Amino acid sequence: MIVPFNIPYVTGLEIDFIKQALESKKLCGDGKFTKDSQAFFEKRYGFPKTLLTTSCTDAIEMSAILADIQPGDEVIMPSYTFVSTANPFLLRGAKIVFADSEKATPNIDVTKIESLVTSKTKAIVPVHYAGIACDMDVIMDIAEKNNLLVIEDAAHSIDSKYKGRFLGGIGHMAAFSFHETKNIISGEGGMIVINDQKFADRAEIIREKGTNRAQFFRGEVDKYGWVDIGSSFLTSEIIAAYLCAQLQSIDAIQEKRMDLWERYFQNLSELAEKMPNLLPVIPSYATNNAHMFYLKCDNLNERTQLISHLSSNEIKAVFHYLSLHKSKMYADFHGKRELAESDCWTDCLVRLPLFVDMTIEQVDFVTEKILDFYSA
Ligand SMILES: *Cc1c(COP(=O)(O)O)cnc(C)c1O
């Protein structure tokens, strides 16, 4: 049985919606499918304002401009994350201050944040790893006390909650991804969420190459022109049509992913009694959105052997982030400050296959091979 790591899901409606977009003779941004997608998110999650972007990376780039990050400003984020959490701030000239992860989850250790705050700190960027919430009350308190902005990297976090509130709706801004490896996809794609009203008007301008085109189309100004810096962050209607089709099936997609996730968890729970660090931990304040099923091995050697054992059984499992504080790009800037838990996740985390078209039989096959590995 071959088990790939991921297969991008197609609901079947995408092609109809794309055809409608083609027939509408309007393919640039901000057409019907963009508006419908944004309206969907605003209604379902109660987000005050959303704007589709070409990627989550672009959404974070917009947030860095909106946060008015200047050269020399400091931005605190976990080291155990994707480069897209950091790059947008670096592009504005910021210094990235990496924080360690928790032992129980790869999320930022909120008890380590306050000692990293200086007079130059401008923002905190928590990443809800695997869609499991960071402890946002603590982060928002630190931000308020120190006059900082909070930008949620919610790339993994669709449909997931913190203390009953949807992720992406808690910080001042948030960024989602619709990359083909995420729960809801459009190939490449993303969205910025503006929770703090004071960024709403400028967000539209920055997304439209620094012009007030959106206000012009609403009849709020009588001509449109260049009023600010910006870039072309908006998505084509072809992409938005694909996304819109996926959103029609969000409940079915989530249900299927949850079933697979639960099956993994159940099948491995007996093994986990002997290996207490193995299975993902979901804190009481967080929910699971089945973005990812990961294991934590005890060391790098064990993980390498496990991945190779699965590979020899035609199962594709992968490791994940290489801590950014040790990256070729940033190690010299970071210096020697140790981030032990981040290093531990870098060495020990393994992601198992999880995609909508995966079968329960495939999950059972993967866990059978994992049990074989640990009983040998
Ligand atoms: C996928 C991902 C991104 C980037 O998303 P894109 O849409 O590919 O730009 C950013 N942050 C995290 C944590 C991610 O997993």
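A short reminder: the numbers here are calculations on the coordinates, not readings from a lab. Given the structure is predicted, the values throughout are model-derived calculations rather than measurements. Using ideal geometry, Cβ is built from the backbone for each residue, glycine included, and neighbour counts are taken over all protein chains shown.
Going through Ala240, Ala174 one at a time, which residue ends up being part of a strand (DSSP E or B) and within 23 Å of the chain's Cα centre (by Cα)?
Residue meeting the stated conditions: Ala174.
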Worksheet item: Is at least one residue of the range 205-216 in contact with a strand residue (DSSP E or B) (Cβ under 9 Å, 6 or more places away or on another chain), among the small types (Gly, Ala, Ser) and assigned to a helix (DSSP H, G or I)?
Response: yes
Fill in: Residues that are of a type outside the set (A, V, I, L, M, F, W, C) and not in a helix (DSSP H, G or I), drawn from the range 336-369
Lys336, Arg337, Glu338, Arg351, Pro353, Asp357, Thr359
Worksheet item: Considering only residues of the range 179-195 that are hydrophobic (A, V, I, L, M, F, W, C) and farther than 12 Å from Thr50 by Cβ, which is nearest to the ligand (Cβ to nearest atom)?
Response: Ile185
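Can you tell me which residue in the range 138-171 is nearest to the ligand (Cβ to nearest atom), limited to those that are assigned to a strand (DSSP E or B) and within 18 Å of Met77 (Cβ to Cβ)?
Ranking the candidates gives Asp153 first.
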Discussion item. Just to verify a result, which residue in the range 330-355, among those that are without any contact (Cβ under 8 Å) to a residue 60 or more places away in the chain and aliphatic (A, V, I, L, M), is farthest from Asn277 (Cα to Cα)?
Written reply: Ala331
Practice prompt. Test Ile151 against the stated conditions and say whether it is crowded, with 21+ Cβ neighbours inside 10 Å and either without any contact (Cβ under 8 Å) to a residue 12 or more places away in the chain or in contact with a Lys or Arg (Cβ under 6 Å, 6 or more places away or on another chain) (or both).
Written response: no
Worksheet entry | Residues of the range 85-98 classified as of a type in the set (A, V, I, L, M, F, W, C) and away from the ligand (no atom under 15 Å from the Cβ), total | 2
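To keep it simple, each residue is scored yes or no on (1) acidic (Asp, Glu); (2) farther than 22 Å from Arg165 by Cα.
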| site | (1), (2) |
| --- | --- |
| Ser37 | no, no |
| Leu51 | no, no |
| Asp58 | yes, yes |
| Ala64 | no, yes |
| Ser79 | no, yes |
| Leu90 | no, yes |
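Out of the residues in the range 303-315 that are in contact with a helix residue (DSSP H, G or I) (Cβ under 8 Å, 6 or more places away or on another chain), part of a helix (DSSP H, G or I) and of a type outside the set (A, V, I, L, M), which is nearest to Asp343 (Cα to Cα)?
To start, the set of residues in the range 303-315 that are in contact with a helix residue (DSSP H, G or I) (Cβ under 8 Å, 6 or more places away or on another chain) comprises 303, 305-306, 309-310, 313, 315.
Add one more test, that the residue is part of a helix (DSSP H, G or I), and what stays is 303, 305-306, 309-310.
From what's left, of a type outside the set (A, V, I, L, M): 303, 305, 309.
On the way: Arg303: 14, Gln305: 18, His309: 23 Å.
Across the range 303-315, the extreme among qualifying residues is Arg303.
Tally up the residues in the range 55-84 that are among the polar types (S, T, N, Q), under 14 Å from the mean Cα position of the chain (by Cα) and either within 20 Å of Gly29 (Cβ to Cβ) or away from the ligand (no atom under 15 Å from the Cβ) (or both), please.
Total satisfying the criteria: 2.
Results for (1) of a type in the set (S, T, N, Q); (2) surrounded by 19 or more Cβ atoms within 10 Å (Cβ to Cβ), shown as yes or no for each residue.
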position: Phe216; (1), (2): no, no
position: Asp228; (1), (2): no, no
position: Leu234; (1), (2): no, yes
position: Glu237; (1), (2): no, yes
position: Gln248; (1), (2): yes, no
position: Ile253; (1), (2): no, yes
position: Trp261; (1), (2): no, yes
position: Pro283; (1), (2): no, no
Response to the item:
Log entry, pairs with first residue in the range 42-63 being hydroxyl-bearing (Ser, Thr, Tyr), second being within 8 Å of the ligand (Cβ to nearest atom), beta carbons closer than 6 Å, six or more apart or on different chains, reads Thr53/Ala59; Thr53/Gly190; Ser55/Glu188; Ser55/Gly190; Thr57/Ser84
Discussion item. So Gln266 passes all but one of these: (1) in contact (Cβ under 8 Å) with a residue 24 or more places away in the chain; (2) closer than 30 Å to Gly164 by Cα; (3) surrounded by fewer than 21 Cβ atoms within 10 Å (Cβ to Cβ). Which condition number does it fail?
Written reply: (1)
Item to complete: May I ask you to list the residues in the range 34-54 that are at negative phi and either within 14 Å of the ligand (Cβ to nearest atom) or not in a helix (DSSP H, G or I) (or both)?
Response: Phe47, Pro48, Lys49, Thr50, Leu51, Leu52, Thr53, Thr54
Fill in: Members of the range 269-314 that are over 22 Å from the mean Cα position of the chain (by Cα), of a type in the set (A, V, I, L, M, F, W, C) and under 25 Å from Cys134 (Cα atoms)
Ala272, Met275, Leu278, Cys297
Worksheet item: Among the residues of the range 4-18, is there at least one that is in contact with a strand residue (DSSP E or B) (Cβ under 8 Å, 6 or more places away or on another chain) and either within 16 Å of the ligand (Cβ to nearest atom) or free of Cβ contacts under 8 Å to residues at least 24 places away in the same chain (or both)?
Response: yes
Worksheet entry | Residues of the range 274-306 that turn out to be touching a residue at least 40 places away in the same chain (Cβ under 8 Å) and hydroxyl-bearing (Ser, Thr, Tyr), as a count | 3
